Amino acid sequence: MESLTVGQAAARTGWSPRMLRYLERAGLVIPSRSPSGYRQYGLLELNQLRSLNELRRRFGVGIDELAFTVRLQHEPALQAALDWEQRKHERLLVA
């Protein structure tokens, strides 16, 4: 499959070009880049976009929630802080 521009990928998936750029910044769908810096969407990225749409529809989750999940997976300090907060609240509930 030939790679698609951001506009072509948007037209095929129902996302707007602006949303595709947001999804990239959030770390959810990261297209490759041409030597001149243009985004190139291939089959992998198109499938990821379709899957994101399905997750949103099926489970009612927002893009911000999905982006936070990605951050938790890639930022150990954020995960550690969340774990600490959970343990703190558990201790408060027991007291």
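The values are calculated or read from the model by the stated rules, or taken from the named source; none is laboratory data. Everything quoted here is computed from the prediction, not taken from an experiment. Ideal geometry is used to build each Cβ from the backbone, glycine not excepted, and the neighbour counts take in all protein chains shown. The accessibility values were calculated without ligands, DNA or RNA, using every heavy atom of the protein model including side chains. Shrake-Rupley method; radii C 1.70, N 1.55, O 1.52, S 1.80 Å.
I'd like the full set of residues that are in a helix (DSSP H, G or I) and either of a type in the set (D, E, K, R) or closer than 21 Å to Met19 by Cβ (or both), limited to the range 75-95.
Correct list: Asp83, Glu85, Arg87, Lys88, Glu90, Arg91.
Residue-wise test of (1) part of a helix (DSSP H, G or I); (2) touching a strand residue (DSSP E or B) at 6+ places or on another chain (Cβ under 8 Å); (3) small (Gly, Ala, Ser).
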site: Pro35; (1), (2), (3): no, no, no
site: Asn47; (1), (2), (3): yes, no, no
site: Asn53; (1), (2), (3): yes, no, no
site: Arg58; (1), (2), (3): yes, no, no
site: Val61; (1), (2), (3): no, no, no
site: Ala67; (1), (2), (3): yes, no, yes
site: Leu72; (1), (2), (3): yes, no, no
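Taking the conditions exactly as written (assigned to a helix (DSSP H, G or I), surrounded by 14 or more Cβ atoms within 10 Å (Cβ to Cβ) and out of contact with any strand residue (DSSP E or B) (no Cβ under 8 Å at 6 or more places or on another chain)), does Ala10 satisfy them or not?
Against the criterion (assigned to a helix (DSSP H, G or I), surrounded by 14 or more Cβ atoms within 10 Å (Cβ to Cβ) and out of contact with any strand residue (DSSP E or B) (no Cβ under 8 Å at 6 or more places or on another chain)), Ala10 qualifies.
Quickly run through the range 49-85 and pick out the residues that are open to solvent by 100 Å² or more (accessible area, probe 1.4 Å) and either farther than 17 Å from Ala26 by Cα or in contact with an Asp or Glu (Cβ under 9 Å, 6 or more places away or on another chain) (or both).
Across the range 49-85, the qualifying residues are Arg57, Arg58, Phe59, Trp84.
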